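One structure is given here, and the rest of the page talks about it.
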Amino acid sequence: MYKFLCVYALRLIVLCTPGIGAAGVVSYEFDIDYLDVDITGKPVVAMAIDGKIPGPVIRANLHDRLKITFNNLMEVETSIHWHGVLLPNDQDGVPYLTTPPIAAGGSLTFEYPVTHTGTYWYHAHTGLQEQRGIYGSLVFHNPVEAHQYDGELVLVLSDWTNAQPGAVLRNLKREDDYYSLKKDTVQSWRGVLQNGWPALENRLRGAWIRMGPMDLADVGYDAFLINGKQSQRDTAIKNGERVRLRLINASASSYFNVEFSGGDMTLIEADGLPVMEETVKRLRLATAETYDVIVEIPVDKQHELRATATDGSGYASYYLGAGETVPVPPMAKPNLYLVGHGNHGRERDAETPAGEHNLAGHGNHGRERDDMTPAGEHMSHGHKHAGGMSEYAGLRSKRPTAFDTRRKTREIDLRLTGSMERYTWSFDNKTLTEVDKIRINQSEIVRFNLINETMMNHPIHLHGHFFRVLNGAGDYAPLKHTVNVPPLNTVTIEFAADEEKDWFFHCHNLYHMRSGMARVVSYTPAGQDDYRNSRFYQYHLENNDPWYRFADTSFQSHMLAGRLWAFNRRNGFAVDYDYDYGDEYDVDAVYERQLTRFFALYAGVGLERDETDIDNTVIAGIHYTLPLLIDSELRIDSDGHFRLELASALQLTDRLRFNWDWNTEDEYRAQFSWEINKQIVITGGYDSDFKSGAGFEYRY
């Protein structure tokens, strides 16, 4: 009897009414290959499933057996993961962990029973291939439908870059705000002053706790897409019809606000599972989430469904019906100067101090009612974030989800850590290959307290399970497979440990995951496997911590200056040099070990020559970031000399930056730079040793 009561609660919820008629085998076969595309006017070689981006819609009914073969025609291995689907461990599709990769020129067949209904999706889990086009939608139908509608559409939202994804990650590693200029989100001191005291207070408050200016997205994309296009019109949908929209955020790293110009949307499912119906004006989808809504197409007009990137950098449109076009009113671009640290993308007002949360907008998971101010506009209602509520406040399961209280609960605090400075992301300051698996036991309830200590949103996904999001809904807490954890906030989830073997657990921002924010949740007790010698561990050790190499060279009238550097997650080498085209030079060449986000040790050599002396020494010291984002360096050389150096950079306008540094040997430098683009910079200033001059800088 006890075993019966302890059956996985999710199974009781998602195993809906049995279908009418006998279940069958549903078979598909697809080729994965390169594809020439031109989405924004620039030809690019992408990757595609069956010649399509996104890949084909895969459909099956509850209790069917799904059989899908993928033929890899590319020159590199690939993989397919079934996002949000409960299935046997060896079908999950994480290469080397649960399923073999699909070798170049090889094939792989997946076969598993359809045990639940809903809207899901599939995508590559190899490298950054998902960003290049390997993703598609997955719909499991219930023959006994609970809702009335005339038709349905699967709408796959995604982001697109013409650059190679590896180059995108390199750019993010190079500079913490690399894409700000492209996205028009540079936060300058001119902008701070133009926005008055709240913006100045924001900036100083953030700088004091060593947090840089807020941004809502990392990457500057070239386009946003719905079903592979920036805009398209669907005349097959008739005016007056009720239509079910299956919305899938298959982006690599973007969040979307979705609105329909024809009226409110009725939310009916979240991450594939039924929820209490709710009328929404705007719906925000975190990366990898799915939501099902029903809309009614008004008579005699064509209406726009618009998915807008939450940072305001672009949108995609899908038009429904026929007649005069009715667009969605443009969303105001978020004023990042008024975003408090911890407000995760919501602007402050006089009634909402930084660190507290306004339920209008993201605090209510972006679901806005008519009496609420749209996200990105100045909020004056002063609604406060109620204690214990998450950004999924108001989302309720249609059926009870509570677990048997007699089951043992394991509680795990998991800190979401990392920074934009080196673009390294982690759990508990450890990346995937720096720590063992998270070990759990069968039959227990596992509760994760996800504590976000960073300035970015993180969409956290657990393979092979649904979890309850503890949002204040009690027994009706919603079940999800992906949960957004806002900056400087905590979200608690819990699940029944009724599976077996190993399951991947990671941030679904593709670049965060690739940079280390991932773990393996394992049912295997410690000592019964050798994780560090596994093929999965070795694969990620070899491929997920590469060295990135960069060079800046400044050709100025009075000096040649520059920096050569390379680093991976923890280690770095750097050569800094100044040369006056004559007898004087100053070169430091060091190895650095990053211990924390703010603290590093280094050692190397210093080579210096002036008009009369040559001084070559061994040097060692520390780098430490002080409040107000001032970089400090304390070093000693082999002659016994100590030196303290301070430095900082101030973004004066969108393109103009001021850098200064000073040390206790009375050396100092003041430098202005004007960014033409990310490679060429006009620069000039004064150096205490080399005097004044100007020129240009080339960045590689």
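Points to keep in mind about this one:
- Just one of the numbered conditions (1) modelled with pLDDT of 95 or more; (2) under 30 Å from GLY206 (Cα atoms); (3) surrounded by fewer than 16 Cβ atoms within 10 Å (Cβ to Cβ) is not true of ASN568: (1).
- Criterion: among the aromatic types (Phe, Trp, Tyr) and within 26 Å of the chain's Cα centre (by Cα) - qualifying residue of TYR28, TYR112, TYR34: TYR34
- If you check GLY118, GLY93, GLY105 for being surrounded by fewer than 16 Cβ atoms within 10 Å (Cβ to Cβ) and not acidic (Asp, Glu), only one passes: GLY105.
- Which numbered condition PHE110 fails, given (1) among the aromatic types (Phe, Trp, Tyr); (2) closer than 23 Å to HIS506 by Cα; (3) in contact (Cβ under 8 Å) with a residue 60 or more places away in the chain: (3)
Residue-by-condition table, conditions (1) within 30 Å of LEU629 (Cβ to Cβ); (2) not in a loop (DSSP other than H, G, I, E, B):
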residue: HIS116; (1), (2): no, no
residue: GLY136; (1), (2): no, yes
residue: VAL139; (1), (2): no, yes
residue: ALA146; (1), (2): no, no
residue: ALA163; (1), (2): yes, no
residue: ARG170; (1), (2): yes, yes
residue: ASP176; (1), (2): yes, no
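- Number of positions in the stretch 245-278 that are aromatic (Phe, Trp, Tyr) and in a strand (DSSP E or B): 2
- Hits in the stretch 549-596 (condition: more than 29 Å from the chain's Cα centre (by Cα) and either outside the structural domain of ASN677 (by TED's automatic domain parsing) or β-branched (Val, Ile, Thr) (or both)): THR553, VAL575, VAL587, VAL590
- Test: residue in the stretch 321-331 that is within 24 Å of VAL139 (Cα to Cα), in a strand (DSSP E or B) and more than 21 Å from the chain's Cα centre (by Cα): no
- When GLU494, GLU421, GLU411 are checked against the criterion of being assigned to a strand (DSSP E or B), surrounded by fewer than 24 Cβ atoms within 10 Å (Cβ to Cβ), among the charged types (D, E, K, R) and in contact (Cβ under 8 Å) with a residue 60 or more places away in the chain, GLU494 stands alone in meeting it.
- Scanning the stretch 431-448 for residues that are surrounded by 16 or more Cβ atoms within 10 Å (Cβ to Cβ) and touching a Gly at 6+ places or on another chain (Cβ under 9 Å) yields THR431, LEU432, THR433.
Every residue, every condition in (1) over 30 Å from the mean Cα position of the chain (by Cα); (2) in a strand (DSSP E or B), yes or no:
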| site | (1), (2) |
| --- | --- |
| THR625 | no, yes |
| LEU628 | no, no |
| GLU633 | yes, yes |
| ASP639 | yes, no |
| LEU644 | yes, yes |
| TRP660 | yes, yes |
| LYS678 | no, no |
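- Any hit, the stretch 424-434, residues being part of a loop (DSSP other than H, G, I, E, B) and touching a residue at least 60 places away in the same chain (Cβ under 8 Å): yes
- Some residue of the stretch 248-262 being over 29 Å from THR161 (Cα atoms) and of a type in the set (A, V, I, L, M): no
- The single condition among (1) free of Cβ contacts under 8 Å to residues at least 60 places away in the same chain; (2) part of a strand (DSSP E or B); (3) not aliphatic (A, V, I, L, M) that PHE550 does not meet is (1).
- Test: residue in the stretch 236-244 that is in a strand (DSSP E or B) and either closer than 30 Å to THR161 by Cα or free of Cβ contacts under 8 Å to residues at least 60 places away in the same chain (or both): yes
- Considering the stretch 581-615, the residues that are assigned to a loop (DSSP other than H, G, I, E, B) and either touching a strand residue (DSSP E or B) at 6+ places or on another chain (Cβ under 8 Å) or of a type in the set (S, T, N, Q) (or both) include one that is modelled with the lowest pLDDT, namely THR612.
- Single unsatisfied condition, ILE451 versus (1) surrounded by fewer than 21 Cβ atoms within 10 Å (Cβ to Cβ); (2) hydrophobic (A, V, I, L, M, F, W, C); (3) within 28 Å of GLU542 (Cβ to Cβ): (3)
- Across the stretch 592-623, the qualifying residues are those that are touching a residue at least 60 places away in the same chain (Cβ under 8 Å) and within 16 Å of SER419 (Cβ to Cβ), and the one among them that is surrounded by the most Cβ atoms within 10 Å (Cβ to Cβ) is GLN594.
- Just one of the listed residues (GLY363, GLY345) is at pLDDT below 50 and outside any loop (DSSP other than H, G, I, E, B), namely GLY363.
- Of the residues making up the stretch 118-134, those that are out of contact with any strand residue (DSSP E or B) (no Cβ under 7 Å at 6 or more places or on another chain) and either farther than 15 Å from GLY228 by Cα or assigned to a loop (DSSP other than H, G, I, E, B) (or both) are GLY127, LEU128.
- Filter pass, ASP687 being more than 25 Å from ASP176 (Cα to Cα), acidic (Asp, Glu) and modelled with pLDDT under 95: no
- Selection status of LEU247, buried (at least 22 other Cβ atoms within 10 Å of the Cβ) and either modelled with pLDDT of 95 or more or of a type in the set (Gly, Ala, Ser) (or both): yes
- Of the residues making up the stretch 298-336, those that are buried (at least 20 other Cβ atoms within 10 Å of the Cβ), modelled with pLDDT of 95 or more and aliphatic (A, V, I, L, M) are LEU305, ALA307, ALA309, ALA316, LEU320, VAL328.
- Residue match in the stretch 193-214 (condition: small (Gly, Ala, Ser) and free of Cβ contacts under 8 Å to residues at least 24 places away in the same chain): yes
- Summed over the stretch 457-491, residues that are part of a loop (DSSP other than H, G, I, E, B) and on the phi < 0 side of the Ramachandran plot total 13.
The values are calculated or read from the model by the stated rules, or taken from the named source; none is laboratory data. Please read all numbers here as calculations on a predicted model, not as lab measurements. Quick reminder, even Gly has a Cβ in these numbers, built from the backbone with ideal geometry, and neighbours come from all protein chains shown.
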